[in-house]
1. Over chain B, what is the relative contact order in whole percent, taking alpha-carbon pairs under 8 Å and six or more residues apart?
2. May I ask you to derive the relative contact order of region A:6-102, considering only C-alpha pairs under 8 Å and at least 6 residues apart, and to give it as an integer percent?
3. Once each part is reduced to its C-alpha centroid, what is the distance from region B:290-310 to region B:167-184 in angstrom?
4. Please give, to one decimal in nm, the separation of the simple spin-label points placed at A:LYS182 and B:GLU343, each 7 Å out from Cα toward the Cβ.
5. Under unit Cβ charges (Lys, Arg +1; Asp, Glu -1), what dipole magnitude, rounded to 20 debye, does chain B have relative to its Cα centre?
6. How far, in nm to one decimal, is B:LYS187 from itself in the other copies if the label point is set 7 angstrom along Cα toward Cβ? Shortest first, please.
7. Can you compute the charge dipole magnitude of the protein assembly as shown about its Cα centre, using +1 on each Lys and Arg Cβ and -1 on each Asp and Glu Cβ, nothing else charged? Give it in debye, rounded to the nearest 20.
8. Distance cut-off 25 Å, Cα to Cα: go down the list A:LYS419/B:LYS61; A:LYS417/B:LYS89; A:LYS334/A:LYS362; A:LYS271/A:LYS292; A:LYS218/A:LYS275; A:LYS2/B:LYS417 and report the pairs above it.
2 protein chains.
Amino acid sequence: MKTYSVKELLSEVNVPQDVTLKGWVRTFRANRFIALNDGSTINNIQCVVDFENTDEEVLKKITTSAAVEIQGSLVASQGKGQNVEIQVKNIVVLGESNPEEYPIQPKKHSLEFLRQNAHLRVRTNTFSAVMRVRSALSFAVHQYFQQNGFNYVNTPIITGSDAEGAGEMFRVSALDAENPPKTEDGKVDFEEDFFGKETNLTVSGQLEAETYAMALGKVYTFGPTFRAENSNTTRHLAEFWMIEPEVAFMDLDGNMDLAEDFIKHVLGYIKENCKDDLEFLEKRLLDEEKSKPQKDRSPMPLREKIDFIVENNFKRVSYTEAIDILKDSKPNKKKQFDYIIEEWGADLQSEHERFLVEKHFKCPVILFDYPAKIKAFYMRLNDDGKTVRAMDILFPGIGEIVGGAQREERYDVLVEKMKAMGIDEKELWWYLDLRKYGTAVHSGFGLGFERLVLFATGMTNIRDVIPFPRTPQNAEF
Amino acid sequence: MKTYSVKELLSEVNVPQDVTLKGWVRTFRANRFIALNDGSTINNIQCVVDFENTDEEVLKKITTSAAVEIQGSLVASQGKGQNVEIQVKNIVVLGESNPEEYPIQPKKHSLEFLRQNAHLRVRTNTFSAVMRVRSALSFAVHQYFQQNGFNYVNTPIITGSDAEGAGEMFRVSALDAENPPKTEDGKVDFEEDFFGKETNLTVSGQLEAETYAMALGKVYTFGPTFRAENSNTTRHLAEFWMIEPEVAFMDLDGNMDLAEDFIKHVLGYIKENCKDDLEFLEKRLLDEEKSKPQKDRSPMPLREKIDFIVENNFKRVSYTEAIDILKDSKPNKKKQFDYIIEEWGADLQSEHERFLVEKHFKCPVILFDYPAKIKAFYMRLNDDGKTVRAMDILFPGIGEIVGGAQREERYDVLVEKMKAMGIDEKELWWYLDLRKYGTAVHSGFGLGFERLVLFATGMTNIRDVIPFPRTPQNAEF
């Protein structure tokens with residue numbers, strides 16, 4: 001007999017009256033009403049047990065998180081809160097869950113407690129909703145790019161080059177930690193290591209993605225990247241997933257068009273496909289923020305915030321204009337910013353980015369043409385000699401969510417910038433080759449996937465939007 | 001003016017007569033015919049240059065791999081081999097490519113030479129076709145699972161547990177390699193390391209995926225996994241991508257159904273969406289195999305091999321039956337196998353797997369119920385006490401492509417097996433929790449993505465189906 005998912009049953013589409021279902025007990029009320037969930041949806045289905053005709057021993061085992069199999073009839077519900085319910089004809093407890101021992105009690109737990117039980121937290125409404133939205137967003141990413149002629153490229157995770165300088169790296173080694181082989185001058189001999197040299201975990205797939213863009217035209221990566229930075233914040237992970245499209249023959253304007261269109265697609269996709277989860281997450285956030293001071297609350301409710309992105313044109317503003325706006329702004333003059341903007345060249349902080357989006361423009365903002373000094377070596381130098389064709393996309397509540405650029409396609413200019421910034425040309429011989437053989441204008445951007453999930457779910461700590469977060473002192477599971 | 005892709009132009013759908021296109025020169029023949037490619041398809045578009053009215057200096061720069069922008073008219077072709085071509089009105093060389101220096105000459109290069117130029121090899125027909133098929137297969141994987149109600153789970157790459165014992169692991173560390181901190185007894189003090197303990201790169205996301213299946217019901221992973229094994233073969237990579245679905249309330253029969261349906265879907269997807277690439281790759285393989293002895297050739301042409309999977313029912317055979325068949329087989333009796341099958345309990349080699357598929361059953365085969373001794377600790381023990389609910393799927397030409405199992409859901413049995421196999425219970429406390437709180441039958445499988453791409457493209461070395469292969473002594477790029 002086919003097992004129906006709770007989602008199928010609640011939809012009432014193509015479902016017979018007599019059904020089998022399997023799932024986990026969320027609550028069992030009045031010895032009669034089981035709220036059953038199987039992960040297919042945030043919603044539980046109410047299963048009504050005929051307790052007078054059910055073995056006492058079985059009833060005792062119907063506890064939170066017990067796995068059960070139920071045969072019953074799908075009928076219109078007499079009670080409030082649901083259209084249909086299951087009249088239970090037979091119930092089998094497949095796996096018990098001792099309520100004295102089960103860590104996740106039917107009460108509100110702190111998020112920190114749940115992080116310590118990351119293997120069980122996905123059994124809560126909040127985390128199951130977050131992880132379904134995360135999954136839907138992932139798919140929307142692939143769907144967008146594939147529909148638009150992009151090829152998915154798996155750039156390497158273990159890399160022999162540490163040239164990009166995007167951040168501190170983790171070393172990868174198969175040498176004996178206690179007794180590594182040594183060279184004559186007493187250093188660790190990485191020539192004896194698995195790859196014959198020192199290797200690290202990648203901080204970005206961009207440079208490798210560029211090699212593929214210069215052959216396949218349009219490509220994107222979507223894979224894990226790493227930072228060995230000791231940042232114990234709500235915005236940083238040591239291991240996170242990054243999306244990096246890269247397109248040949250595309251300039252910075254095209255890059256902005258692409259990023260805007262892409263973000264609207266993926267957020268539009270979850271609006272359409274994750275309605276129940278988003279409704280739940282919106283309520284959760286409102287609840288959570290009740291106890292917070294106004295200034296720490298989200299600037300708008302979750303679904304409104306998503307609409308704010310999907311329905312507004314992104315305002316495109318040069319860095320220079322933005323600095324002028326910020327210098328003249330009230331919080332700058334009144335010294336309400338933690339970092340006062342004094343002159344052109346300053347690196348923008350999250351508070352400035354949020355001011356531009358939330359207070360000044362009241363729409364998503366793309367800043368472009370940043371000072372060369374505060375951006376990476378591979379960004380294309382403008383004719384003014386001091387700015388580069390970089391862009392950052394700024395979102396309400398979160399600040400920068402995308403960073404991108406038109407890449408420096410001119411061999412001589414690139415070599416000069418590498419020299420000035422102390423980047424080893426020899427190590428990036430293959431990257432320079434792209435500028436020697438059929439070079440062309442090309443652009444791309446990077447989007448930290450967990451930042452997007454944070455935004456889309458209204459969660460406030462990045463550790464709560466990835467199944468098993470890796471942070472300083474934490475690699476459990 | 002919109003730039004059209006070569007694929008759009010060749011399709012002749014919604015294309016005006018006057019067009020702009022950009023791409024790289026594959027060949028330039030008779031000072032007149034450019035074969036232009038932009039990566040959107042294996043096919044080039046012929047662009048006919050009016051050389052009498054084109055600057056000599058420009059003509060000289062039209063060399064293999066030069067990037068060009070062309071304005072011209074799309075017209076019916078006079079020549080053979082194409083329906084349409086571009087009459088060039090204007091051509092601009094965007095990026096030159098010095099033919100004396102460009103490493104990829106318009107001739108046949110060895111695959112090993114191309115591996116050393118992995119940043120450029122995707123500019124060849126073979127590698128662009130392989131990488132487009134790889135991308136399409138990736139998408140088909142996500143599409144299949146998402147359409148069927150699975151949630152994508154990103155299991156951790158850096159792991160603090162090395163309990164599974166699936167293979168040698170790479171250590172991940174942020175300690176100073178030259179002067180690591182030491183404990184009192186002189187060992188490396190991993191408590192001082194980034195995560196506060198020794199960490200490694202994951203060999204499988206299965207155990208973590210199980211935690212999610214036991215809450216969301218149906219999940220899948222698709223991410224990089226690692227083996228620090230010094231295997232310099234055509235079938236092994238140190239870094240490869242793995243697909244691991246895991247489903248609650250599903251037994252081994254359901255697992256076989258899922259795996260068969262899944263594989264048919266993804267191969268069916270590329271049949272439909274990669275026709276030109278597969279046609280090219282089939283020809284390439286036939287060409288390559290001409291010089292090989294019959295026994296080393298592929299058992300059938302590429303597309304026939306794909307059909308063989310899509311159109312046949314997978315034959316389900318117990319390990320015990322398979323051993324009987326093999327013991328009685330001609331190659332076993334005539335000692336033509338490298339490993340002679342003598343008794344029940346033997347581990348099967350690729351030669352045996354291929355014999356069953358290619359000679360005996362002549363269809364894809366699923367073997368199940370393997371001896372417990374040769375399989376992992378987490379597989380469900382059968383009532384006979386000596387076999388486990390494991391399954392392997394065997395393909396022509398390649399042998400095992402999928403390995404899966406129903407998982408041991410009984411706490412006591414699992415603990416006993418872990419003890420017997422020397423697996424540390426304390427380290428897998430969270431895995432055991434799944435058997436304490438609402439345990440249920442569940443199953444899943446693993447499929448090494450590069451093995452699938454090998455099969456689907458007819459390539460014979462696994463280093464040629466991933467953009468930047470990581471193997472012993474090789475982490476370039």
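1. Reported as a whole number, the value is 14 percent.
2. 29 percent
3. 47 Å
4. Rounded to a tenth, the inter-label distance reads 5.1 nm.
5. The calculation lands at about 1720 debye.
6. Copy-to-copy label distances for B:LYS187: 2.9 nm.
7. 1860 debye
8. A:LYS419/B:LYS61; A:LYS417/B:LYS89; A:LYS271/A:LYS292; A:LYS218/A:LYS275; A:LYS2/B:LYS417
Coordinate-derived values only; no laboratory data. Just so you know, these numbers come straight off a predicted model, no measurement behind them. Methodologically, a virtual Cβ is constructed for each residue, glycine included, from the backbone with ideal geometry; neighbour enumeration extends over all protein chains shown.
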